[in-house]
Amino acid sequence: MTNNYDYTDFSLKEVEVPMFKGAASPVLLTDATMAERQNIVLNRMRKERLDVLIVYADLEHGSNFEYLTGFLPRFEESILVLHKTGDACLLLGNENNKMVKYSRIPAKGIHVPYFSLPNQPMDNDREIAEYFMEAGLRQGLKTGVAGWKLFTSSVADNEKLFDLPGYLVDAIRGLVGAECMVNSSHIFISAKDGARIINNANEIAHYEYGASLASDCVLQAMNHVRPGITELELGNYLSAAGQRNSVVTIAAAGERFEYANFYPLDKCVKIGDKMSLTVGYKGGLTSRSGYAVESERQLAEPVRDYIPRLAAPYFAAVTAWLENITIGMAGGALCQLIQEVLPQEIFCWKLNPGHLCSDEEWMSSPIYPGSKELLKSGMILQTDIIPGIDGYAGVSCESGIVLADESLRQQIQREYPELFEVFMKRRNYIRNELNINLSKDVLPMTDTVAYYRPFFLNPKAALVKKNIAGEC
């Protein structure tokens, strides 16, 4: 399998810049999709014999909550209490209490001032347990608690670990009994059978907007990299349409993290600088790393072999990932493929070589050593491989794809014909310009999937595979 991925088979070549453009405006989730989501979760609850499911949210950890309600609690905490009957209660703070009437599933609103910001009015305050009692919790109900982690540890009992604030866990435990509480985040995000890992056509169109927007932003920023431009100016190109970022935006030149800083500064780009650009929105992240040079001649002598030493081997792994990923493949097999093409002991990557993406940038991942979890139609995945060699700039060509079987492709073509046409144009570009052959199952979520310009001052040259593989 790996014979086609020798790094010497990859080189810089002048190619067309991919500009096909996805959705011009956000695609809203339909009532039918929201009802389908609720039914999926209720079915999971019945399968696990849960009487009630408690779903926690704050701004950073609210995607499971948003999956059912349609909104994040912005700067407050919130709780969704969902009973196996379908009855629901929303426990909301001062500034989100108004959202009850906008919830995408019918729910009773319960005002919980404890969820509000410091020193705001505490009208209607009671013992915290009383709010849960009003929401229907009582002794003996088998209660699932969903935060945002799975705690898949070889030494910990993940069923009894909870990532909610302690004051909430204590109140729930006191009402239903410790023996009745279980961690149920897996109902939403398990890479094996979580409710959120599979997307229908409406959801794919919804998420493609943000994924494509992130890609367009990074491409725009790359096109403006020049000596003298500041990180702040590049950061402006990475911000678009008032959309909420899923990660901290990166526009970095030279050495990063000085004074523990994550954010763009007024530092000017200089020839020879390491470069990194990243932005993420709902549905996907795009990242590119390399050097602010036109060619290897402008690199410092110790890193002049950047392309054969790091960039080409990395791009060979990205190509292997894209050419081999298919529906029905075990995550462990994909992980092993990347290990063979880009040996971990040499290239020092540590995280999963790919993961699921949704409202958040990293939901979970079926791709890890020995994983028997199968890749499925409807999964949105990121090509997130992060190698590194001391002294060299990083390498990154991260973007997203969605796996879609014949039935799902037909659904997308029928319901979102313009998007389907864009998917086909992206596939053709990847094949004809980059010589990368995708399985029929793979739909590129952005224009820049596999488009990698490691030398930021040379907008024409991208890494390509010299010879294209046969048809899949």
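Only the coordinates and a few stated rules stand behind these numbers; no lab work does. Since the model is a prediction, treat every value here as computed from it, not as a measurement. In this analysis, Cβ positions are derived from the backbone assuming ideal geometry, glycine residues included, and neighbour counts consider all displayed protein chains.
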Between the DSSP loop rule and a limit of at most 13 other Cβ atoms within 10 Å, which trypsin sites (Lys or Arg not before Pro) in the range 357-462 are left? Lys372, Lys460
For the chain, calculated [θ]222 nm from helices alone, where every DSSP H run of n ≥ 4 adds -39500 (n - 2.57): -8500 deg cm²/dmol
Taking the Cα centre of each part, how many Å lie between the range 287-316 and the range 138-203? 44
Rg followed by Dmax, in Å, when the range 309-387 is reduced to its Cα trace: 11.9, 36
For Leu265, the net charge from surrounding residues (Cβ-Cβ under 12 Å; K, R +1; D, E -1) works out to -3
Bins of 5 Å, beginning at zero and ending with the bin holding the largest distance: percent of Cα pairs per bin for the range 57-107, please. 5, 23, 36, 25, 8, 2, 0
Can you give the convex hull volume of the alpha carbon atoms of the range 367-454 per residue, in Å³? 108
Enumerate the lysines that Lys98 could reach by cross-link, defined here as Cα to Cα under 29 Å, with residues fewer than 8 away along the same chain left out. Lys84, Lys108, Lys149, Lys282
Would you pull out the residues with amide H under 5 Å of Ser396's amide H, same chain only if 5 or more places away, H placed 1.01 Å from N? Ser289
In terms of the ratio Rg/(2.2 N^0.38 Å) built on C-alpha atoms, what value belongs to the range 1-75? 1.92
Could you go through the range 57-63 in sequence order and give the Karplus-derived ³J(HN,Hα) for each residue, using 6.51 cos²θ - 1.76 cosθ + 1.60 with θ = phi - 60°, rounded to whole Hz, and x for Gly and Pro? 8, 9, 4, 7, 10, x, 5
Given R₀ = 45 Å, FRET efficiency for Glu345-Arg126 by Cβ-Cβ distance, to 0.05? 0.20
Per residue and in Å³, how big is the convex hull formed by the alpha-carbon atoms of the chain? 151
With Cα atoms, 0 to 90° folded angle of helix 312-324 axis to the chain main axis: 60
Kindly work out what percent of the DSSP beta bridges joining two residues of the range 49-183 are antiparallel, to the nearest 5. 50
If you build the Cα gyration tensor of the range 236-306 and take the root of 5 times each eigenvalue, what three semi-axes come out, in whole angstrom, biggest first? 26, 14, 10
Angle in degrees between helix 201-223 and the longest Cα principal axis of the chain, rounded to the nearest 10: 40
Hey, if you put +1 on the Cβ of every Lys and Arg and -1 on every Asp and Glu Cβ in the chain, which of Ile250, Ala205, Pro121 ends up farthest toward the positive end of that dipole? Ala205
The chain: antiparallel DSSP beta bridges as a percent of all, rounded to 5: 80
10 °C / 1.306 mPa s Stokes-Einstein diffusion coefficient of the range 123-274, Kirkwood radius on C-alpha pairs, µm²/s: 80
Please work out the Kirkwood hydrodynamic radius for the range 49-183, using every pair of different C-alpha atoms, and report it in angstroms with one decimal place. 15.0
About the Cα centre of the chain, how large is the charge dipole given +1 on each Lys and Arg Cβ and -1 on each Asp and Glu Cβ? Please answer in debye to the nearest 20. 680
Rounded to whole Å, give me the distance from the Cα center of the range 70-118 to that of the range 15-57. 18
Against the longest principal axis of the chain, how steep is helix 166-176, in degrees 0 to 90 to the nearest 10, with axes from Cα atoms? 50
Once you have the Kirkwood Rh of the range 28-121 from its Cα pairs, apply Stokes-Einstein at 4 °C and 1.567 mPa s and quote D in µm²/s. 96
Which loop-located trypsin sites (Lys or Arg not before Pro) does the range 214-307 contain, where loop means any DSSP state but H, G, I, E or B and the Cβ has at most 15 other Cβ atoms within 10 Å? Arg244, Arg256, Lys270, Arg304
